[in-house]
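This report concerns only the one structure given below.
The values are calculated or read from the model by the stated rules, or taken from the named source; none is laboratory data. Please read these numbers as outputs of a predicted model, since none were measured by experiment. Cβ: placed from backbone, ideal geometry, glycine included. Neighbour counts: every protein chain shown.
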Amino acid sequence: MIQASICTIGDEILIGQVVDTNSSHLAVALEEAGIRVTRMLSIGDDREEILNNLRNELELNDIVITTGGLGPTKDDITKDVLAELSGSFEYVENQEQLAIVEDILRGRGLDVLPINRAQALVPEKCEVIPNRKGTAPVMVFRFPEDSYNATLFALPGVPFEAVGAIPDVMEDIRAHYPLNDILHRSIMVSGIAESALSELIAPWEDALPEDMHLAYLPSPLTGIRLRLSIYSGKAEDEKARVEEQIARLKEILGDKVYSDQDDTLEATIGRMLKAAGKTVSAAESCTGGEISHLFTSVPGSSAYYLGSVTSYAVSVKEHVLGVPAETVEKYGVVSSEVAAAMAEGVRRVTGSDYAVSTTGLAGPDGDEFNPVGTVWIGVAGPRGTKTVKKIFKHDRKRNIERFAASALDFLRLTLLEDLTN
């Protein structure tokens with residue numbers, strides 16, 4: 001299998017000033033082409049660091065792709081390092097890139113300065129893929145077999161330009177490398193911790209064929225994505241084998257599987273509601289609108305999502321949602337009874353078929369009855385109201401995400417029971 005390494009170059013990445021998005025876009029494109037990404041590195045603006053790291057990556061991989069360090073200023077030293085690495089002693093002016101540089105600058109009403117023309121200068125031993133979105137071209141270095149037996153692509157670091165260059169880079173790779181397929185198949189799981197999930201499916205996982213690889217990809221909002229992969233052969237030939245394993249896995253997990261594709265809880269719930277012609281609303285306290293945000297992030301959610309009440313204060317719970325003051329006084333704000341009353345209240349206010357509610361303590365403090373990270377979730381529907389208590393031990397932001405995801409999953413399970421029975 002063809003292997004690739006992605007290297008970002010620039011101190012701004014290492015100090016956290018700039019978030020590297022180029023690597024993720026490149027990884028997706030390489031993976032789709034059947035190329036396995038072995039590493040992602042970030043290298044500072046240091047000549048020896050760049051040189052040593054690139055030499056190592058060229059020894060270990062068939063393809064190395066760099067982004068960054070190709071600008072016109074003195075701290076952009078990547079081009080000089082690549083000249084040394086390739087044994088180039090001279091620079092040549094690429095006329096196609098120069099014409100692009102001139103068009104860009106004149107289109108902005110700027111003069112073409114010598115520093116701008118220098119962007120079109122490239123080491124003599126490289127090929128050029130013109131960059132039509134910026135001034136620094138993509139440089140391609142093909143090394144002889146007695147050195148690295150690999151190809152290096154040097155892309156500009158500006159995300160707009162780097163992402164824009166990916167189709168041309170992939171076209172070049174396809175023209176020079178025999179590529180295999182990489183087959184990925186995912187299912188989405190919710191309502192179970194990663195450790196418990198691992199134990200539950202251990203016998204199935206241990207029995208997987210050697211060429212199948214399982215990855216656990218957890219997220220606070222979407223649960224756990226289980227991805228089964230085959231990194232060789234042809235995808236069409238392997239699909240039946242993978243589907244057989246996925247079917248066995250779904251039998252083990254039952255209703256913990258909420259989707260058999262890359263998905264989200266809110267999109268899954270939306271499809272369920274839409275298919276049944278039902279509507280939903282939300283009453284949020286500790287989640288502060290997070291559930292509403294998740295619902296409305298799905299295109300077309302207006303067909304089933306009616307709205308929410310962010311009842312953060314007790315007075316809003318009582319006066320808008322109709323939670324009885326004596327219920328709050330007797331059981332406390334963070335309680336099953338208040339969660340139930342909130343869900344019933346917002347269902348009444350909005351006229352929705354179903355309603356979900358949250359009341360809890362996201363942090364940093366708990367109260368005399370509940371530890372920090374406690375949430376009560378309520379779901380009200382045509383068949384009545386039910387509640388569930390969850391406790392998480394994270395920081396405030398993560399707790400809010402966990403609360404919202406748990407609420408959506410509790411709603412999903414309720415819908416599953418109501419709409420399929």
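Kindly evaluate residue 242 against the criterion of being surrounded by 16 or more Cβ atoms within 10 Å (Cβ to Cβ), closer than 30 Å to residue 31 by Cα and out of contact with any helix residue (DSSP H, G or I) (no Cβ under 7 Å at 6 or more places or on another chain).
yes
Checking the conditions here, which among 313, 283, 303 is under 18 Å from residue 367 (Cβ atoms) and at pLDDT 95 or above?
313
Give the residues of region 54-79 that are of a type in the set (Ser, Thr, Tyr) and surrounded by fewer than 24 Cβ atoms within 10 Å (Cβ to Cβ), sorted by residue number.
Scanning region 54-79 gives a single hit, 73.
Taking region 81-133, which residues are among the aliphatic types (A, V, I, L, M) and over 20 Å from residue 68 (Cβ atoms)?
Correct list: 92, 98, 99, 105, 110, 112, 113.
I'd like to check which strands (runs of 3 or more DSSP E) are fully inside region 330-411 and have at least 1 residues that are in contact with a Ser or Thr (Cβ under 6 Å, 6 or more places away or on another chain), among the aromatic types (Phe, Trp, Tyr) and crowded, with 24+ Cβ neighbours inside 10 Å.
374-381
Considering only residues that are under 28 Å from residue 400 (Cβ atoms) and either exposed (fewer than 15 other Cβ atoms within 10 Å of the Cβ) or not hydroxyl-bearing (Ser, Thr, Tyr) (or both), which ones fall in region 217-239?
217, 218, 219, 220, 221, 223, 224, 225, 226, 227 - these are the residues of region 217-239 that are under 28 Å from residue 400 (Cβ atoms) and either exposed (fewer than 15 other Cβ atoms within 10 Å of the Cβ) or not hydroxyl-bearing (Ser, Thr, Tyr) (or both).
Determine whether region 37-45 contains at least one residue that is hydroxyl-bearing (Ser, Thr, Tyr) and within 21 Å of the chain's Cα centre (by Cα).
Scanning region 37-45, I find at least one residue that is hydroxyl-bearing (Ser, Thr, Tyr) and within 21 Å of the chain's Cα centre (by Cα), so the answer is yes.
Looking at region 312-329 only, could you name the residues that are within 21 Å of residue 384 (Cβ to Cβ) and either surrounded by 15 or more Cβ atoms within 10 Å (Cβ to Cβ) or not assigned by TED's automatic domain parsing to the domain that holds residue 404 (or both)?
317, 321, 323, 327
Give me the strands (runs of 3 or more DSSP E) completely within region 94-172, filtered to those with at least 2 residues that are under 30 Å from the mean Cα position of the chain (by Cα) and closer than 23 Å to residue 60 by Cα, ordered by residue number.
138-142, 151-155
Give 255, 260 a once-over and let me know the one that is of a type in the set (D, E, K, R), at pLDDT below 95 and either out of contact with any helix residue (DSSP H, G or I) (no Cβ under 6 Å at 6 or more places or on another chain) or on the phi < 0 side of the Ramachandran plot (or both).
From the options 255, 260, the qualifying one is 260.
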